[in-house]
1. All but one of (1) touching a His at 6+ places or on another chain (Cβ under 8 Å); (2) over 22 Å from GLY170 (Cα atoms) hold for ALA141; which doesn't?
2. In the list THR80, THR127, which residue meets the criterion of being free of Cβ contacts under 8 Å to residues at least 60 places away in the same chain, buried (at least 18 other Cβ atoms within 10 Å of the Cβ) and not basic (Lys, Arg)?
3. In the range 80-117, which residues are touching an Asp or Glu at 6+ places or on another chain (Cβ under 7 Å) and either among the small types (Gly, Ala, Ser) or within 13 Å of the ligand (Cβ to nearest atom) (or both)?
4. Which residue out of ASN140, ASN109 is in a loop (DSSP other than H, G, I, E, B) and under 25 Å from GLU213 (Cα atoms)?
5. Any chance you could count how many residues in the range 83-124 are at pLDDT below 95, farther than 15 Å from LEU203 by Cβ and surrounded by 19 or more Cβ atoms within 10 Å (Cβ to Cβ)?
6. Looking at VAL163 and the list (1) in contact with a helix residue (DSSP H, G or I) (Cβ under 7 Å, 6 or more places away or on another chain); (2) more than 16 Å from the ligand (Cβ to nearest atom), which single condition is not satisfied?
Amino acid sequence: MPNAKCRMPNRELQIANLKFEIRHLALGIVLIRHLAFGIRHCYNIPMQQGPLLAPWRIDYLRSLDKPAGDTCFLCQAGATANDAQREAALVVWSTPQSIVVMNRYPYCNGHLLIAPRAHKAELQELTDAEHLDLARQTVNAARLLSTAVSAQGFNIGINIGRVAGAGLPGHVHQHVVPRWGGDTNFFHVIGETRVVPQAISQLYRELRQLAMEMKFEI
Ligand SMILES: [Zn+2]
């Protein structure tokens, strides 16, 4: 006959078993997540395909509400005449047809903008020479970022019109955004800090120096 002292009522026994199984299930989930995290980092696999977050861009988004008539920052960049002015406007280099500037409100470190010097809103307004130089400087920008920040890939594109996301719809410009494996995971985390403006000024000097060494027109 079983010892009555050691017997648990059926209901208590079931609850105890259930708690035991839940604890092991939770432990299993944690282990699987850690294993997946490790494999993704080892093989450089992005964690998930989500939006690239850049919370500091809220300053830029708020600036969109400024009244029309403010001076175009790309035209201001094109009008810079010395190194101090270029640094203030974040002009990395320029050619007779184009200007290349760092985005003051970047999606990530190294985000460059390439624009024709002329204030033109639409691609069809560009001359053949401006189209050609825009393409050439886009290639140069990718070369520069491959070396300077070891970019592993790029998002390159142009937003035409406010509805397409153009922050400065009056002056067409090409975005060159460097990407790295897994950058969607940690950038939005470290991007929460306000270190970005300092990083931009530091990276600016590195990019400008490298652009001079690579003999892009300055
Ligand atoms: Zn302009």
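The values are calculated or read from the model by the stated rules, or taken from the named source; none is laboratory data. Because the structure is a prediction, the values reported are computed rather than measured. FYI the Cβ positions are ideal-geometry reconstructions off the backbone, even for glycines, and counts take in every protein chain you see.
1. If we test ALA141 against (1) touching a His at 6+ places or on another chain (Cβ under 8 Å); (2) over 22 Å from GLY170 (Cα atoms), just (1) comes out false.
2. Working: THR127 fails: buried (at least 18 other Cβ atoms within 10 Å of the Cβ).
Exactly one residue qualifies, and that residue is THR80.
3. Kept after step one, since they are touching an Asp or Glu at 6+ places or on another chain (Cβ under 7 Å), are these residues of the range 80-117: 93-95, 97-98, 105, 108, 116.
If the condition is that a residue be touching an Asp or Glu at 6+ places or on another chain (Cβ under 7 Å) and either among the small types (Gly, Ala, Ser) or within 13 Å of the ligand (Cβ to nearest atom) (or both), then SER94, SER98, PRO116 are the ones that fit.
4. Values: ASN140 fails: in a loop (DSSP other than H, G, I, E, B).
On inspection, the qualifying residue turns out to be ASN109.
5. Qualifying residue count, the range 83-124: 0.
6. (1)
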